[in-house]
Every structure is written in C-alpha cells, then in structure tokens.
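So the structure is just underneath, and the comments pick up after that.
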Amino acid sequence: MNRTGIYPGSFDPIHKGHIDIINRATKLVDKLYIAVANSPHKKPLFNLDERKEMIEEEFSSNSSIEVIAFDNLLIDLANSLKAEILIRGLRVVSDFEYEFQMLGMNRQLDSKIETVFLMADAQCQSISSNFVKEIARLGGDISNFTNKFVASKLKDKYK
Ligand code: ADP
C-alpha cells in the first residue's frame with residue numbers, strides 16, 4: 001500500500017527539530033510532502049522561496065520527499081495530493097493544546113485524514129525557529145540547532 005503524508009509548517013527556517021521529524025516520518029510513509037505555509041500573519045523572516053530552498057537543500061538526495069508551498073486549507077491540500085496522513089511534531093506540553101484543537105477541527109473537516117504526532121530526539125525537542133533566529137540575530141552559535149546552509153542564510157539576513 002502506497003502511503004502519502006504531509007508535514008505542514010512555517011519552517012522559518014528549518015531546524016534540526018524539523019529535520020528529525022522528517023527523517024522519522026519518511027519511515028512511515030512512501031511519499032512525504034513538506035508543505036511550507038505562506039503564513040503572512042507570522043511575518044516570516046524568510047520568504048516562501050527562501051524557506052523552500054533551505055528545505056530542498058537538506059533533502060535533495062531523498063526522492064521520496066517533495067517540498068511544496070501552500071496558502072489554502074490544509075485538508076484541501078491533503079485531498080488534492082491524495083495524502084491520508086498529516087504529520088505533526090510535538091515538543092513541549094504547550095504544543096499539545098493547539099495541536100489537539102487543530103486535530104479536532106481537521107477531523108471534522110475530513111475524517112478520512114489521520115494526524116500522526118511524532119516526537120523529536122531529546123536533543124532536538126527544545127529547538128524552535130524563533131529561538132534559532134533570536135540567537136542568530138544576537139551573533140550566537142547556532143550550529144547545534146540547524147544545518148550549515150541555514151546558518152549561512154541567517155548570517156546574511158542579520159549582516
Ligand atoms: P516552529 O514552531 O519552529 O516555527 P513550525 O511552525 O514550522 O515550527 O512547525 C512545524 C511542525 O514542526 C509543527 O508540528 C511543530 O510542532 C513541529 N516542530 C517544530 N519544532 C519542533 C521540535 N523541536 N521538535 C518536534 N517538533 C517540532
């Protein structure tokens with residue numbers, strides 16, 4: 001059985017927590033779409049193309065992964081891609097409440113689509129894009145939190 005999954009997020013920018021979740025998710029599905037949300041309300045530091053490029057750079061050798069951008073309802077996107085599994089990452093307890101609500105709403109919109117929650121490796125659990133950006137802005141070392149390509153893009157942004 002061919003399983004298709006979607007891992008949605010803002011990825012502004014991608015970090016080691018996301019990368020760990022993606023590597024775990026590829027063991028559960030045959031095809032994984034990493035769906036980059038436009039999220040203008042979050043005022044992202046990187047535009048959509050930049051965010052996509054940073055993910056593509058990390059996973060260029062994996063043909064089962066495709067990076068796409070989206071600005072519509074996640075459930076509509078899932079249906080148009082024939083994806084039946086939504087992948088979400090769980091970090092701290094505070095993620096749970098939001099994720100719980102989102103699952104409930106998505107399930108009411110389309111009960112055929114299952115949400116699967118994954119936890120990153122302990123070392124990656126506390127990483128968030130916001131902290132990575134803040135540390136980079138203040139000139140700190142982010143090499144434990146993201147890859148070299150993203151680190152250099154962040155350096156350029158805050159030059
Ligand atoms: P961020 O909060 O870092 O900006 P996104 O909005 O891009 O992340 O999140 C996309 C998905 O990745 C969400 O399901 C989020 O919970 C998950 N995620 C983000 N960071 C981590 C992490 N360090 N460990 C596990 N899951 C994570």
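The values are calculated or read from the model by the stated rules, or taken from the named source; none is laboratory data. Predicted model only: the values in this text are computed from it and were never measured. Quick reminder, even Gly has a Cβ in these numbers, built from the backbone with ideal geometry, and neighbours come from all protein chains shown. For the accessible areas, the whole protein counts, side chains as well, though only heavy atoms, and no ligand, DNA or RNA atoms are used. Shrake-Rupley method; radii C 1.70, N 1.55, O 1.52, S 1.80 Å.
Would you be able to say whether some residue in segment 56-63 is open to solvent by 40 Å² or more (accessible area, probe 1.4 Å), over 21 Å from VAL116 (Cβ atoms), within 15 Å of the ligand (Cβ to nearest atom) and assigned to a loop (DSSP other than H, G, I, E, B)? No, segment 56-63 contains no residue that is open to solvent by 40 Å² or more (accessible area, probe 1.4 Å), over 21 Å from VAL116 (Cβ atoms), within 15 Å of the ligand (Cβ to nearest atom) and assigned to a loop (DSSP other than H, G, I, E, B). Can you find a residue that is free of Cβ contacts under 8 Å to residues at least 12 places away in the same chain, small (Gly, Ala, Ser) and not in a helix (DSSP H, G or I) anywhere in segment 86-103? No, that holds for no residue. Scanning segment 105-134 for residues that are open to solvent by 30 Å² or more (accessible area, probe 1.4 Å), among the small types (Gly, Ala, Ser) and part of a helix (DSSP H, G or I) yields one hit, ALA122.
Listed here are the residues, each with its yes/no results for (1) at pLDDT 95 or above; (2) within 15 Å of the chain's Cα centre (by Cα).
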position	(1), (2)
LEU86	yes, yes
PHE96	no, no
GLU99	no, yes
ASN106	no, no
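The set of residues in segment 8-28 that are open to solvent by less than 10 Å² (accessible area, probe 1.4 Å) and more than 10 Å from the ligand (Cβ to nearest atom) contains only ALA25. Scanning segment 31-51 for residues that are outside any loop (DSSP other than H, G, I, E, B), closer than 24 Å to ARG137 by Cβ and either away from the ligand (no atom under 13 Å from the Cβ) or free of Cβ contacts under 8 Å to residues at least 40 places away in the same chain (or both) turns up VAL36, ALA37, PRO40, HIS41, LYS42, LEU48, ASP49, GLU50.
For segment 135-150, taking the residues that are assigned to a helix (DSSP H, G or I) and out of contact with any helix residue (DSSP H, G or I) (no Cβ under 6 Å at 6 or more places or on another chain), the one that is most open to solvent (accessible area, probe 1.4 Å) is identified as LYS148.
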